[in-house]
Amino acid sequence: MSKMRFFALQELANRRPLEVITPSNKLSDYYGSHVFDRKKMQEYLPKEAYKAVTDAIEKGTPISREMADLIANGMKSWAKSLNVTHYTHWFQPLTDGTAEKHDGFIEFGEDGDVIERFSGKLLIQQEPDASSFPNGGIRNTFEARGYTAWDVSSPAFVVETTLCIPTIFISYTGEALDYKTPLLKALAAVDKAATDVCQLFDKNITRVYTNLGWEQEYFLVDSALYNARPDLCLTGRTLMGHSSAKDQQLEDHYFGSIPPRVTAFMKELEIECHKLGIPVKTRHNEVAPNQFELAPIFENANLANDHNQLVMDLMKRIARKHNFAVLLHEKPYSGVNGSGKHNNWSLCTDTGINLFAPGKNPKGNMLFLTFLVNVLMMVYKNQDLLRASIASAGNSYRLGANEAPPCHIVHIPGKAAILHSRRDSPPGEQQQNDRRRKDNSETGHRTYSRNSIRYDGPQPNVPLCLHR
């Protein structure tokens, strides 16, 4: 083992950054070039087919078989312009990864000749074998097949020579066998509930979208050093060995100068992301040695989730090209920071209002305050469910030691979110509120009065902790 490490260090000393050529000096020239977005749809689809797709995305209108054939033909024509040879229904089973089965456009014609064809039936739905995917024991053996169905809200894209069509994955009896189906249901439920509340303030609001901005942290390890560690290769984290002589005591790695080899890797990763319409914007050194981060501009939550799955796959492919291995485990090394996937989410109306963005005048922020209070109450009432959703073995290693955030949920509203109207209240109501605050300070209870959105316990304006 010691000889293997010395050999790996010798290989590492001979590594040089790879040259990465940008397709164009203007990002806009190639951004989204491998995505069948609305601009491509307008170019390759008839007007009636384009309208059918947009109505399905915006209103949930079903797509007829005739329109599906037109859409599939236009999608195939666009894909062939990028030298695509296969297509796949791209889905996210319960394996923490993605799945795909590649099929060619080849079919037999009526006269027996081979032709290239892609029908609406193949676009809308397929029946992959689901017997080898996790299912939680909900199905019998004779009900083993699964169904994939096109998710029109997430555009198709091309990776290398394959047309990837985002889909949901369900069982023969309709149960979700993936992560996308519950996400779409949750987004629809939030849209309905939030729109009903918004209608009380503005009748022009007809939809509420959930936006998500994720941040992906990761470690890069030279492939020679990686291959010398069986525990890293098999589990993605170290299980044995001595701690590093230098870790993050000096705090000099965070936001430091990015090494040239890593810069080359990041550059190629960003180029491939931009081709796929992933708005990657930020890159930097993270806290731990050889730890880095990338972050995109926020998007619709469903699309952002698809993009994060794509990014993790791209990172692994491109890292191998640059003689790196990417570690995405939450805690690959003991004693230094682990890698988080921070999710910054918000709600936005179809009229362009960010429901979690307060204005300069707190008294005119009733819509914002309404959603703030509802979210706080939602977190408080469902804290066990929220904790259970992230209670994985990896997060148990990561949270609580050498980390941010610690293993609890807090909310700090800040001064801008506090609505003071004591001067506008009748004297009797002021006395009643003062008496309620005094009682709460003695018992330690937290309350929300009608005239103030604030912590009302013994220590005003401290974070609202939900981990107890």
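Laid out as a table, the results:
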{"read-out": "Positive-end extreme of charge dipole, the stretch 208-357 - chosen from Thr282, Gln248, Leu269 (charges on Cβ)", "value": "Leu269"}
{"read-out": "Rounded D (µm²/s) - the stretch 1-79, Kirkwood Rh over Cα pairs, Stokes-Einstein at 37 °C, 0.692 mPa s", "value": "197"}
{"read-out": "Normalised alpha carbon radius of gyration of the stretch 52-138 [divisor 2.2 N^0.38 Å]", "value": "1.31"}
{"read-out": "Dipole magnitude of the stretch 195-319, debye to nearest 20 (Cβ charges: Lys/Arg +1, Asp/Glu -1, about Cα centre)", "value": "280"}
{"read-out": "Cβ-defined net charge surrounding Val159, 12 Å radius [Lys, Arg +1; Asp, Glu -1]", "value": "-2"}
{"read-out": "Shape call, the stretch 208-357: gyration tensor on alpha carbons, a/c limit 1.5", "value": "prolate"}
{"read-out": "Cα-centre dipole for the stretch 270-337 with unit charges at Cβ (Lys and Arg positive, Asp and Glu negative), debye to 20", "value": "260"}
{"read-out": "Distance histogram in 10 Å bins (all Cα pairs of the stretch 42-100, percent per bin)", "value": "21, 36, 34, 8"}
{"read-out": "Two-decimal Rg to Rh for the stretch 31-178 - Kirkwood Rh, Cα set", "value": "0.98"}
{"read-out": "The stretch 143-231 - convex hull of the alpha-carbon atoms, volume per residue in Å³", "value": "214"}
{"read-out": "Sorted by Cβ density within 10 Å, fewest first, the residues Arg207, Arg398", "value": "Arg207, Arg398"}
{"read-out": "Neighbourhood net charge (12 Å Cβ-Cβ; Lys/Arg +1, Asp/Glu -1) for Phe219", "value": "-3"}
{"read-out": "Computed over the stretch 263-328, Kirkwood Rh from alpha-carbon pairs, angstrom", "value": "12.3"}
{"read-out": "Distance (nanometres) between label positions extended 7 Å along Cα→Cβ at Thr54 and Thr351", "value": "2.3"}
{"read-out": "Ranked by how many other beta carbons lie within 10 Å on average, peptides 119-127, 291-299 from highest", "value": "291-299, 119-127"}
{"read-out": "Low-density loop positions, trypsin sites (Lys or Arg not before Pro), the stretch 1-70 - DSSP coil, at most 15 other Cβ in 10 Å", "value": "Arg15, Lys26"}
{"read-out": "The stretch 207-290: mean projected area of Cα convex hull, nm²", "value": "8.6"}
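Laboratory data are not the source of any read-out in this text; all were calculated from the coordinates shown. All values derive from a computational prediction rather than experimental measurement. Here the Cβ is made from the backbone with ideal geometry for all residues, glycine too, and neighbour counts use every protein chain on show.
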